[in-house]
Structure formats: structure tokens, C-alpha cells
Amino acid sequence: MTTKEQMRKRMKELRESLSKRDVRERSQRVRENLLSLPEFFRAETVHTYVSSKNNEVDTHDVIRLLLKQKKRVVVPIADTGTKQMRHGEIFSLSELVPGSYGILEPKMYRPVSPRVLEVVVVPALAVDQKGNRLGFGAGFYDRFLRDLGIPSVALAYDFQVVDDVPSEETDVPVSFIVTESSIIKCRN
């Protein structure tokens with residue numbers, strides 16, 4: 001059986017082997033599928049990761065579109081001291097600067113309560129059909145999603161959907177997986 005670390009290493013290698021053109025084209029198809037998901041389309045307040053890591057599914061165009069549609073866009077801020085995620089509203093991508101772990105975060109923190117969120121878009125290195133998600137291992141999203149009770153959507157490339165992601169009791173599965181060729185409903 002593959003360990004989480006082995007799977008992380010393999011998925012990072014596969015993702016890093018993509019060309020910039022591949023990433024752009026695949027991300028566009030993922031975005032089109034995401035926009036067709038009713039849970040995402042209807043949401044007025046969206047929490048989304050800001051793509052910053054090597055060749056992850058790009059969210060910048062999604063964020064621009066949400067802002068253009070006058071929807072509230074909330075992005076994660078990793079609090080390395082408490083190991084908790086904070087949530088800040090942004091009005092433009094130009095507000096973002098590299099923060100913890102090299103992830104883009106807002107320069108100005110406008111706190112948003114998780115209670116007002118309607119959907120959460122999360123990054124993934126790997127996911128399985130049951131919604132088990134492999135991230136970078138810090139556990140920020142699992143702690144955040146634990147008691148949230150709203151749809152969560154992992155964005156991934158087709159090759160990142162695997163038969164089985166090793167999971168533990170503390171891992172929180174996502175509701176949907178959106179790839180360039182499909183939308184997978186994982187759980188209610």
C-alpha cells in the first residue's frame with residue numbers, strides 16, 4: 001500500500017512535469033466544469049484557495065470571474081502559530097502577496113466568519129471517489145472543514161484522481177471533485 005508521503009511525492013512529480021500550456025488548458029476545462037456545478041454557481045460567498053504552488057489547478061480566473069459577478073471571495077490565511085486557518089475577503093488579486101508556505105494571501109486582513117460561507121474550493125494533490133483528499137500534510141483544511149457543513153469542492157487534474165487515498169480519522173472528505181473531464185459527487 002502506498003503511504004501518504006509516497007503518494008505526495010509521486011503527485012508532485014506528475015504535476016511538476018506539466019507544461020505551462022498544459023496547466024492553462026487543463027485549468028480552463030476544470031474551471032468550466034466548476035462553473036456548471038449548481039452548488040458553486042448559486043453560491044454568493046465563496047471560499048477558495050489561491051493557486052500558488054507548482055502547477056496546481058489555477059484559480060485566478062475563477063476568482064476574477066467571481067469578483068466580476070459581485071460575489072464575495074474569501075481566501076485562506078494560514079496561521080502558523082495556532083495551526084488554524086483564518087479567512088479574509090479580497091476585492092482584487094492585486095491585494096495578494098506571498099505569505100505562509102509561499103501561498104498568496106491578502107496584504108490587508110478583512111476577517112470573514114466561516115458561518116457566512118456557502119461553498120469551499122480546496123486544493124488537492126490526490127483525491128479518491130469517496131472524497132478522501134491528500135493535501136500537503138499540515139491539516140489546515142481538515143481542521144477548517146470538520147464542522148462546516150457546506151459543500152466542499154476539490155479541484156484536481158484527472159490523473160490526480162486515484163483508487164484510494166490513505167485516510168485517517170482526522171481527515172475530512174470533500175463533497176465534490178472537479179477535474180477537466182468530470183464532476184464527481186462524493187457524499188452528501
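Values in this text are rule-based calculations from the coordinates and carry no lab data. Just so we're clear, the structure is a prediction, and the values are computed from it rather than from any experiment. No Cβ is skipped: glycine too gets one built from the backbone with ideal geometry, and neighbour counts run over all protein chains shown.
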Practice problem: Let me know the shape class of the chain, please: from the alpha-carbon gyration tensor, a ≥ b ≥ c as square roots of the eigenvalues, rounded when a/c is under 1.5, otherwise prolate if a/b is greater than b/c, or oblate. | Solution: rounded
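Treating the beta-carbon of each Lys and Arg as +1 and of each Asp and Glu as -1, no other charges, what is the dipole magnitude of the chain about its Cα centre, to the nearest 20 debye?
Its charge dipole is roughly 460 debye.
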Exercise. Of the options G102, T45, S152, report the single residue whose Cα projects farthest towards the positive end of the charge dipole of the chain (beta-carbon charges: Lys, Arg +1; Asp, Glu -1).
Key: T45
Practice problem: Write down the percent of antiparallel bridges among all DSSP beta bridges whose residues are both part of the chain, to the nearest 5. | Solution: 55
Quiz prompt | Lysine pairs with alpha-carbon atoms under 17 Å apart, the chain, spacing 8 or more or separate chains | solution = 7
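Pull out the extension gain between Q69 and E25, defined as 0.36 nm times the separation in residues minus the alpha carbon to alpha carbon distance; nm, one decimal. All intermediate terms of the calculation are to be shown ahead of the outcome.
Working: separation 44, 0.36 × 44 = 15.84 nm, distance 2.28 nm.
Extra length available between Q69 and E25 comes to 13.6 nm.
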Exercise. For the stretch 139-158 and the stretch 57-131, write down the distance between their C-alpha centroids in whole Å.
Key: 12
